[in-house]
Amino acid sequence: MDIKLDLLRQNRHDMARLWKKETGGKVVGVFCCNVPEELIYAAGMLPVRLMGEKEEASEADLHFPSNCCPYVKRSFDQGLKHRYDYLDGIIVPNTCDMVRAMYGTWKMNLDIPFAYFLEVPQRISPRGIEFFRERILDFKGGLEEWSGCEITAKAIEDAIETYNLNRRLLQSAGRFRQDGLLSGVECQNMVISSMFMPKDEHNRLMGAFLEEAARRDTPPLGVRLLISASMLDNSDFIRLLEECGGSVVADDMPAGSRYFFYSVNHSSDPFFALAERYLVQVPCPRKMLPRDRFEFIKQVMEETGAEGAVIHNLKACDCHLYEYPYLKKMLQDLGLPVLFFRGEETEAEQETQRDDIEAFIEMIRG
Amino acid sequence: MAESTSAKKHLETTLLVPALRRKYYAESLSQTTGQKICWCSNGIPSEILDAFGINAVFVENYATVCASKRLSSGFCRAGERAGFSQDVCGYARILMGYLLGGTEAPEAPYGGLAKADFLVVNSYSCDSRMGWFATMQRTLNIPLYVLDAPYQPGGGCMDEANIVYTESQLLDFVTFLEGQTRSKLDREKLRAGIDLSRRSADIQTEIYEMRKAVPSPMSAGDAYTVVWPGMYMAGTKECDDFYARLRAEVNHRIVNKIGVVPEEKFRLLWSGLPFWYNMALLNYFEDFGGVVAIENAYFRSEKSFPPQHHDPIKDMAITSTIKRPYAGDLEQRLQLTLDIVKDYRIDGVILAYNPSCRLMYLLQPELKNALDCHGIPNVNIECDMADERTYSEGQIKTRLDAFIERMLVLRK
Ligand code: SF4
Ligand code: SF4
């Protein structure tokens, strides 16, 4: 099953093309965890999280300097290499410097019919939620104008329900991971595949997958690890941790629990509910005063009984790199040993990381 | 302390800045009136702080002071030892070194910074500021206010929701300051401060316009110094007087055809932030008849908007929502620089790749592509604006020499 999940990521472009052919719908690329994808889904479109490949970013290198976020650069590289030619639109939220730069860069260099910049307040306040609600409404209007179709209240309600179900299923996967019924790699692959598949289809896949996993014998867990990362858009690093004797039982990552941890509340005002979920609840370092964020990590850590923490920050990711000294101290104060990597997520780099991880896990085993 | 490598100043008025700067730091250190001290980031409307009688200390500037006094290596090292990656802004590493470096940090210039009562950062410039102010908050355990505003990649569009949100955040800011100072905002004082700072800003715009003259009356070496009062003393009469005097001097030089170099052979644009620890590099071209006639950081080409509302906060909300070209998206920022090249009759561009300043750095390769496309000679030099350890004199001068040679051939 794991292999199949891996293949889904590998075949994501073909799958999106096929979906487009079969449905005649539009495919929309999305950055970050701050875009209420429900509205895209409700418009009958397919939202796909933009991702990169671990190959030379030979095209993007001509447009971006060397010291910048490799995740975003590689995603753009895929665009320049025509692998995202099926995209009809992209949504760029106001999150970090690098993602913001994508708005102009994609518009300038790629033929994208629809590029929408979604304002996301950086400060959480009652007015900020209200403002974000208004921006979400504007986003809905933008999608409607572009597609020429109304997004009905019923479609939004259904989309929220489908997305919430997906979140619940991913949360179950998270619990399975904690109990050893699923590996960290499998869990990560589920989150990643959810980011580019139609949610109803993913829900069906997950349902079957979890049913099968529930019948598994619980294998002995390795050293229980919490991983905190800026962006891991594939499961290779988690695989490495698990190959070295770790079991990733908890995470604090955008392509992880940040994607599914909180559901959208049932409300008579779905736009307010979406604003609240995406702005207030998603524990992202870009827009939260760190203390609240650390409370979230502390809670996850305690619930899962993690024995060690691994922090993986992509280079030049200011949001996470500034946080690192404090996060490390906080985790250590809670009695958790911490291993830190800052890098680019290349194959070569992984080999150099292996020794450090093995030593770290040995040290915890004592 | 290592010796300073400051730019050669060509204008008399520029020479007034160091004294203003010293006075600014000395006053905040010596004040005994119970005035509150706020450490803030560039871009915070200091007129509001002034209206409350708050002493604003702009910490980015302190980082440039440390760099220009050739102390960046020691401070950055101390910041990195405290856990901050070399990837993060050089200014931030200097300040983290200053705050957390203990005895390992160099001796602080001007006797250090006055102790802060609270912190204020704006959210709309770069991620770095948010990160380092959050760190300062945890370290100093004092209140932090995040002044938020929409990013507006289109550069501003008078969108009603944006205006309402901007105003709400300014009002929250006022409430925060009222709590910190236990006083009420004096709106008349704020109105007067805003009007004065717009006047000074307009004089600055006029000076930028005047710098189109050939020969160039003022080089980037002077320009990077004279932005100081406008950034850190906005809304004061002293600032206004400073720019009036500068304008008169620039005008005098234009009328009398006094250029930066006796015989101007080529004109350059400096794109990005300068290397504060070696500002003399800006004069390097002068021996060859070249002048860095203009720079795109801090550039302004448009006059302030006339007041949009009698209420100063609402007025600020509307005007700041109309246009902020340098915070705009890539296309706008590229166009701005291409316009500068044309308007200032630029022969070549120096692209300073400052790897730890995402805001400027991310623009440069795309700018290089655009310049190449238009056949405008350019050279890139990759050096941090503040971390001196990234600077290699030999390598940079070799690149610049080849570039100068190209300029001279083209000008023949
Ligand atoms: S990893 Fe960091 S720099 Fe990259 S997109 Fe995420 S927040 Fe931005
Ligand atoms: S990253 Fe750039 S814009 Fe941000 S504080 Fe540093 S120098 Fe200034």
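Inspection of the stretch B:393-411 identifies no residue that is touching a residue at least 24 places away in the same chain (Cβ under 8 Å), within 16 Å of ligand 2 (Cβ to nearest atom) and within 30 Å of B:Ser73 (Cβ to Cβ). For the stretch A:308-363, residues that are closer than 23 Å to A:Ala255 by Cα, in contact (Cβ under 8 Å) with a residue 60 or more places away in the chain, away from ligand 1 (no atom under 16 Å from the Cβ) and of a type in the set (D, E, K, R) total 2. Residues of the stretch B:136-174 that are aromatic (Phe, Trp, Tyr), within 8 Å of chain A (Cβ to nearest Cβ) and not in a helix (DSSP H, G or I): B:Tyr151 alone. For the stretch B:327-368, taking the residues that are among the basic types (Lys, Arg) and within 16 Å of ligand 2 (Cβ to nearest atom), the one that is modelled with the lowest pLDDT is identified as B:Arg333.
Can you confirm whether A:Ala255 is under 19 Å from A:Leu225 (Cα atoms), within 16 Å of ligand 1 (Cβ to nearest atom), buried (at least 21 other Cβ atoms within 10 Å of the Cβ) and not charged (D, E, K, R)? It is true that A:Ala255 is under 19 Å from A:Leu225 (Cα atoms), within 16 Å of ligand 1 (Cβ to nearest atom), buried (at least 21 other Cβ atoms within 10 Å of the Cβ) and not charged (D, E, K, R).
Table: residues versus (1) in contact with a Pro (Cβ under 7 Å, 6 or more places away or on another chain); (2) at positive phi; (3) away from ligand 2 (no atom under 16 Å from the Cβ); (4) not acidic (Asp, Glu).
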| residue | (1), (2), (3), (4) |
| --- | --- |
| A:Ser75 | no, no, yes, yes |
| A:Gly79 | no, no, yes, yes |
| A:His82 | no, yes, yes, yes |
| A:Asp85 | no, no, yes, no |
| A:Ile90 | no, no, yes, yes |
| A:Cys96 | no, no, no, yes |
| A:Met108 | no, no, yes, yes |
| A:Asp111 | no, no, yes, no |
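With respect to the stated conditions, A:Glu119 is within 10 Å of chain B (Cβ to nearest Cβ) and touching a Pro at 6+ places or on another chain (Cβ under 9 Å).
Count of the stretch B:111-135 residues, restricted to those that are more than 11 Å from every other protein chain (Cβ to nearest Cβ) and not in a loop (DSSP other than H, G, I, E, B), is 4.
Is at least one residue of the stretch B:101-118 within 16 Å of ligand 2 (Cβ to nearest atom) and among the β-branched types (Val, Ile, Thr)? Looking for residues that are within 16 Å of ligand 2 (Cβ to nearest atom) and among the β-branched types (Val, Ile, Thr), one finds none in the stretch B:101-118, hence no. With the condition kept exactly as written, say whether any residue in the stretch B:197-212 is among the charged types (D, E, K, R), under 25 Å from the mean Cα position of the chain (by Cα) and within 14 Å of chain A (Cβ to nearest Cβ). No, that holds for no residue. Pairs under 6 Å by beta carbon, first residue in contact (Cβ under 8 Å) with a residue 24 or more places away in the chain in the stretch B:115-144, partner among the acidic types (Asp, Glu) and within 16 Å of ligand 1 (Cβ to nearest atom), six or more apart or different chains? Once the first residue is in contact (Cβ under 8 Å) with a residue 24 or more places away in the chain and sits in the stretch B:115-144, its partners that are among the acidic types (Asp, Glu) and within 16 Å of ligand 1 (Cβ to nearest atom) give B:Cys126/A:Asp97; B:Asp127/A:Asp97; B:Asp127/A:Asp318; B:Ser128/A:Asp318; B:Gly131/A:Asp318. Restricting attention to the stretch B:23-73, the residues being β-branched (Val, Ile, Thr), more than 13 Å from ligand 2 (Cβ to nearest atom) and at pLDDT 90 or above number 5.
Do we find a residue being within 28 Å of A:Asn265 (Cβ to Cβ), more than 14 Å from chain B (Cβ to nearest Cβ) and at pLDDT below 95 anywhere in the stretch A:94-112? No, that holds for no residue.
Taking the numbered list (1) on the phi > 0 side of the Ramachandran plot; (2) surrounded by 23 or more Cβ atoms within 10 Å (Cβ to Cβ) in turn, B:Tyr298 passes all entries but (2). Would you confirm, using the coordinates I've provided, whether A:Val282 is within 13 Å of ligand 1 (Cβ to nearest atom), more than 14 Å from chain B (Cβ to nearest Cβ) and more than 23 Å from B:Cys357 (Cα to Cα)? When the stated conditions are applied, A:Val282 passes them. It is to be established whether one or more residues within the stretch A:12-29 are under 16 Å from the mean Cα position of the chain (by Cα) and within 16 Å of ligand 1 (Cβ to nearest atom). Yes; the residues of the stretch A:12-29 include at least one that is under 16 Å from the mean Cα position of the chain (by Cα) and within 16 Å of ligand 1 (Cβ to nearest atom). The residues on offer are B:Val146, B:Val88, B:Val121, and the sole one that is within 16 Å of ligand 1 (Cβ to nearest atom) and buried (at least 19 other Cβ atoms within 10 Å of the Cβ) is B:Val88.
For first residues located in the stretch B:353-370 and small (Gly, Ala, Ser), partners that are within 14 Å of ligand 1 (Cβ to nearest atom) and not in a loop (DSSP other than H, G, I, E, B) and lie 6+ apart or on another chain with Cβ distances below 9 Å form the pairs B:Ser356/B:Ser128.
A quick yes/no check of all residues on (1) within 14 Å of chain B (Cβ to nearest Cβ); (2) touching a Cys at 6+ places or on another chain (Cβ under 8 Å); (3) not in a helix (DSSP H, G or I):
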{"residue": "A:Arg123", "(1), (2), (3)": "yes, no, yes"}
{"residue": "A:Ile129", "(1), (2), (3)": "yes, no, no"}
{"residue": "A:Gly142", "(1), (2), (3)": "yes, no, no"}
{"residue": "A:Ile151", "(1), (2), (3)": "no, no, yes"}
{"residue": "A:Phe176", "(1), (2), (3)": "no, yes, no"}
{"residue": "A:Gln188", "(1), (2), (3)": "no, no, no"}
{"residue": "A:Phe196", "(1), (2), (3)": "no, no, yes"}
{"residue": "A:His202", "(1), (2), (3)": "no, no, no"}
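Counting only helices (runs of 4 or more DSSP H) that fall entirely inside the stretch B:1-110 and contain at least 1 residues that are out of contact with any helix residue (DSSP H, G or I) (no Cβ under 9 Å at 6 or more places or on another chain) and closer than 30 Å to B:Gly179 by Cβ, the qualifying elements are B:17-30. Taken over the stretch B:362-412, residues that are away from every other protein chain (no Cβ under 14 Å) and not in a strand (DSSP E or B) amount to 29.
Scanning the stretch A:33-71 for residues that are hydrophobic (A, V, I, L, M, F, W, C) and within 13 Å of chain B (Cβ to nearest Cβ) gives A:Ala57, A:Ala60, A:Leu62, A:Phe64, A:Cys68, A:Cys69. All conditions but one from (1) more than 16 Å from ligand 1 (Cβ to nearest atom); (2) at pLDDT 95 or above apply to A:Val191; the one that does not is (1).
Criterion first (without any contact (Cβ under 8 Å) to a residue 60 or more places away in the chain, within 16 Å of ligand 2 (Cβ to nearest atom) and either out of contact with any strand residue (DSSP E or B) (no Cβ under 7 Å at 6 or more places or on another chain) or under 13 Å from A:Phe31 (Cα atoms) (or both)) does A:Ala101 satisfy it? In short, yes. Taking the stretch B:77-102, which residues are in contact with a strand residue (DSSP E or B) (Cβ under 9 Å, 6 or more places away or on another chain) and of a type in the set (Ser, Thr, Tyr)? Within the stretch B:77-102, just B:Ser85 meets the criteria. Restricting the stretch A:303-320 to residues that are in contact with an Asp or Glu (Cβ under 9 Å, 6 or more places away or on another chain), not small (Gly, Ala, Ser) and not in a strand (DSSP E or B), the residue that is nearest to the other protein chains (Cβ to nearest Cβ) is A:Asp318.
The values are calculated or read from the model by the stated rules, or taken from the named source; none is laboratory data. This one's a predicted model, so the numbers in the text were calculated from it and none came from an experiment. Note that each Cβ is placed from the backbone with ideal geometry, even for glycine, and that neighbours are counted across all protein chains shown.
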